[in-house]
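Participant: This is the structure, below, for whatever I ask next.
Quick note: the coordinates plus some simple rules give every number you see, no bench work behind them. As the structure is a computational prediction, the values presented were derived from the model and not from experiment. Please note: Cβ atoms are built from the backbone with ideal geometry, for glycine as well, and neighbour counts cover all protein chains shown.
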Amino acid sequence: MKYLLFTIVSIVDLISLGSAISQRTFQEIQEEIASYGDIAKAIINLAVYGKAQNRSYERLALLVDTIGPRLSGSKNLEKAIQIMYQNLQEDGLENVHLEPVKIPHWERGEESAVMLEPRTHKMAILGLGSSIGTPPEGITAEVLVVTSFDELHRRAPQARGKIVVYNQPYVNYSSTVLYRVQGASEAARVGAVASLIRSVASSSIYSPHTGLQEYQDGVPKIPTACITVEDAEMMSRMASRGSRIVIQLKMGAKNYPDADSFNTVAELVGSKYPEQVVLVSGHLDSWDVGQGAMDDGGGAFISWETLSLIKDLGLRPKRTLRLVLWTAEEQGGVGAFQYYQLHKANISNYSLVMESDLGTFFPYGLQFTGSDKARAIMKEVMCLLQPINVTQVLQYGEGTDISYWIQAGVPGASLLDDLYKYFSFHHSHGDTMTVMDPKQMNVAAAVWAVVSFVVADMEEMLPRS
Ligand SMILES: *[C@@H]1O[C@H](CO)[C@@H](O)[C@H](O)[C@H]1NC(C)=O
Ligand SMILES: *[C@@H]1O[C@H](CO)[C@@H](O)[C@H](O)[C@H]1NC(C)=O
Ligand SMILES: *[C@@H]1O[C@H](CO)[C@@H](O)[C@H](O)[C@H]1NC(C)=O
Ligand SMILES: *[C@@H]1O[C@H](CO)[C@@H](O)[C@H](O)[C@H]1NC(C)=O
Ligand SMILES: *[C@@H]1O[C@H](CO)[C@@H](O)[C@H](O)[C@H]1NC(C)=O
């Protein structure tokens, strides 16, 4: 009943907007989408209960157990790309090819942080991506603990010559990550010699969570790493008691010239509108800790699974369904930017861009960005997933690797699940197959396959604003 109500609201919205789509046309679209009920059930049955059960999980486990983590610029990443190129060909997919991209190459080297005062304590750290290293003897300095950029600016005179420790609370990823991205430059502006951030994580069992940081032009580059939530809070307590804290930080991090890499592409070519595209994607690179199983092995492998499921059922959508496994997402969407530059001439023929990069646990629903008309259509499509009870269409379809297309007006979708769990393991040693659940991946793959197939097969492209 809930969904009937939504439908009525959508139609009323469309009429009141004076939209180009008439009520009759929208009813026709509704009927067209409803006619995919049997196909949706067949996809769900194959993925969740049938022969493809656990396939995406098992394929992923084989890759990440064999290769391990896949940092931008590493040999591991290039091995993984070559294996995937072979896998996609052996799976019988079409137009399997690699598109060259130059990507950043940073290595962390040996690193350590030891508290010398008020007591000796060896801390768990992870250098942040693109950070410079310290001199070989390290940097030994007194600590200034702050909880926000505001506090840093208020206490700017005290920061000179110190190691700034940020003990910022975790609010949500998109706002708290600014401390990771900008923390070093903000500290350097007020004369700090290094900075350490409290890991950007929703929970912690003494786990550092790395990620990219960005130096700003004209600001001195200082070494920067993340520490655990536990150590950040402890230093905050020590400082508030007036204790003097001294840390010796050693980091062997180095930046090397850009390396050669590839976006990995495969297709099911459309039967009627082969030039038109629905894109499904995840990224193959990861950080250099854990296995990169969750971020973003899961997203990459349910995207591959989507094409496998549709092929196994002998289906071929009218539009081309294109799988892209991005390279160097973690370095700021480098592969995705290259892909956009290369393919944007065809932007008018992209119906929908999809990216799964927030986990492949049991999905809450689909996050979507697009016109009201397109959203109304996506709500109808999601009704096809009633048998597995994943029917919500939420806001914010954005993801790093599809953002270029979305900003240029192409509708975009991403998979939403338990973000508290996701950001507990994100960019840490804990991102391994142990976090992944085959049954949840089956459902995530079914959602991904039903949505992408139906949008690729409907008579018309999704309407834009
Ligand atoms: C899929 O994984 C689940 C959970 O581990 C297990 O119970 C089930 O037997 C597996 N199915 C197949 C076909 O291996
Ligand atoms: C994250 O938190 C900030 C600050 O409270 C808020 O403005 C923003 O809307 C939140 N973002 C999301 C995606 O929830
Ligand atoms: C753009 O689309 C045309 C077909 O419409 C295709 O031949 C061409 O290869 C595409 N170009 C790129 C860069 O994707
Ligand atoms: C888009 O696809 C149509 C056919 O579906 C084709 O005629 C047109 O040339 C394509 N546009 C671009 C920019 O490739
Ligand atoms: C279906 O999902 C909704 C949330 O999207 C949840 O509240 C409800 O309990 C679920 N129903 C079943 C039968 O699992």
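Participant: Over all Cα pairs of the stretch 45-112, how is the pair count split among 5 Å bins, expressed in % and running from 0 up to the last occupied bin?
Facilitator: 3, 13, 17, 19, 18, 13, 7, 5, 3, 1, 0
Participant: Which listed residue (Q291, V334, V278) has the Cα farthest towards the positive end of the charge dipole for the stretch 247-398, taking +1 on Lys and Arg C-beta and -1 on Asp and Glu C-beta about the Cα centre?
Facilitator: Selected residue: V278.
Participant: State the dimensionless ratio Rg/Rh of the stretch 103-170 (Rg: radius of gyration of Cα atoms; Rh: Kirkwood radius).
Facilitator: Numbers: Rg = 14.0 Å, Rh = 14.1 Å.
Radius of gyration relative to Kirkwood radius: 0.99.
Participant: Follow-up. Arranged from highest to lowest average of other beta-carbon atoms within 10 Å per residue, in what order do the peptides 406-416, 140-150 appear?
Facilitator: On the way: 406-416: 22.7, 140-150: 18.0.
Order by mean packing, descending: 406-416, 140-150.
Participant: What is the local net charge at A449, summed over the other residues whose Cβ is closer than 13 Å to its Cβ (Lys, Arg +1; Asp, Glu -1)?
Facilitator: Details: positive: K41, R55, K311; negative: E305, D312, D457.
Combined, the nearby Lys, Arg, Asp and Glu give 0.
Participant: Shifting gears a bit: Please state the relative contact order of the chain as a whole percent: Cα pairs under 8 Å, 6+ residues apart?
Facilitator: Working: 1106 pairs, mean separation 98.1, N = 465.
After rounding, I find 21 percent.
Participant: Taking neighbour Cβ counts within 10 Å as the exposure measure, how do V219, V181 sort from fewest upward? Don't jump to the answer; show the numbers that get you there.
Facilitator: Values: V219 14, V181 17.
Placing the least packed residue first, the sequence is V219, V181.
Participant: Now for a separate question. If you build the Cα gyration tensor of the chain and take the root of 5 times each eigenvalue, what three semi-axes come out, in whole angstrom, biggest first? Kindly include the intermediate steps, with their values, before the conclusion.
Facilitator: Working: eigenvalues 378, 111, 77 Å².
Sorted largest first and rounded, they come to 43, 24, 20 Å.
Participant: L321: net charge of surrounding residues, Cβ under 11 Å, Lys/Arg +1, Asp/Glu -1, itself excluded? Could the numbers behind the result be given before it?
Facilitator: Details: positive: K311, R316, K318, R319, R322; negative: E94, E267, D457.
Once all neighbours under 11 Å are counted, the net charge is +2.
Participant: Given labels modelled 7 Å from the Cα in the Cβ direction, how far is it in nm from Q248 to A156?
Facilitator: The modelled label-to-label distance comes out at 3.4 nm.
Participant: Using a basic spin-label model with each label point 7 Å from the Cα along Cα→Cβ, how many nm lie between D91 and D217?
Facilitator: Between D91 and D217, the simple spin-label model gives 4.1 nm.
Participant: Order these by the 10 Å Cβ neighbour count, fewest first: R244, R198. Before the final figure, lay out each step's value.
Facilitator: Details: R244 10, R198 30.
Listing R244, R198 from fewest to most nearby Cβ atoms yields R244, R198.
Participant: Then there's this: Kindly state, to the nearest 0.05, the FRET efficiency for S35 paired with E275, given R0 = 30 Å and r defined as their beta-carbon distance.
Facilitator: Details: r = 24 Å, r/R0 = 0.81.
Between S35 and E275 the formula returns 0.80.
Participant: Normalising by the residue count of the stretch 109-252, find the relative contact order in percent from Cα pairs under 8 Å and 6+ residues apart.
Facilitator: Computed over the stretch 109-252, the figure is 39 percent.
Participant: Listing R155, R70 from the residue with the fewest other Cβ atoms within 10 Å to the one with the most, what is the order? Please list the in-between numbers first.
Facilitator: Working: R155 15, R70 27.
Fewest to most other Cβ atoms nearby, the residues stand as R155, R70.
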